[in-house]
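I have placed the structure first, in the form of structure tokens, so that the comments after it can refer back to it.
FYI, it's all coordinate maths here, none of it is from the lab. Here the structure is a predicted model, which means the values were calculated and not measured. Here the Cβ positions follow ideal geometry from the backbone for every residue, glycine too, while neighbour counts run over all protein chains shown.
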Amino acid sequence: MATIPLERVENGTAGCLPSRGVVAMASLITAESAIFCIFVVAYRYYPGRDVTGPTPQKVLELPIFGTVCLLSSSFFIWLAEHAIEQGK
């Protein structure tokens, strides 16, 4: 029975498979993006059908303050990791 080589062969071509972690992360990001897009499109498609809920314009506003807080906290976490790697 013939097998597919997974390491470098003599003629210089590589037959290695992608990492399972890379494939899993790409699949997760793709799936989450698709679900988010489906929700946004569905919410924009049915504006005004619900008389008691908020309108799409109110729900889909850009949360500037929350975005600034999230990005600034991520920046300080990155600074802390960088300092730990340097032994500070």
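Between Ala26 and Val59, the modelled label-to-label distance comes to 3.3 nm, taking each label 7 Å out from Cα in the direction of the beta carbon. In this calculation the C-beta distance from Ile84 to Val51 is compared with R0 = 35 Å, giving a FRET efficiency of 0.05. Taken one residue at a time, the phi angles of region 19-36 give Karplus couplings (6.51, -1.76, 1.60, θ = phi - 60°) of 5, 5, x, 5, 5, 5, 5, 5, 5, 5, 5, 5, 5, 5, 5, 5, 4, 4 Hz. Gly and Pro are set to x. Karplus-based coupling profile of region 80-87, in residue order and whole Hz: 5, 4, 4, 5, 5, 5, 8, x, with θ = phi - 60° in 6.51 cos²θ - 1.76 cosθ + 1.60 and x standing for Gly or Pro.
Between Leu70 and Ala34, the C-beta separation translates, for a Förster distance of 22 Å, into a calculated FRET efficiency of about 0.45.
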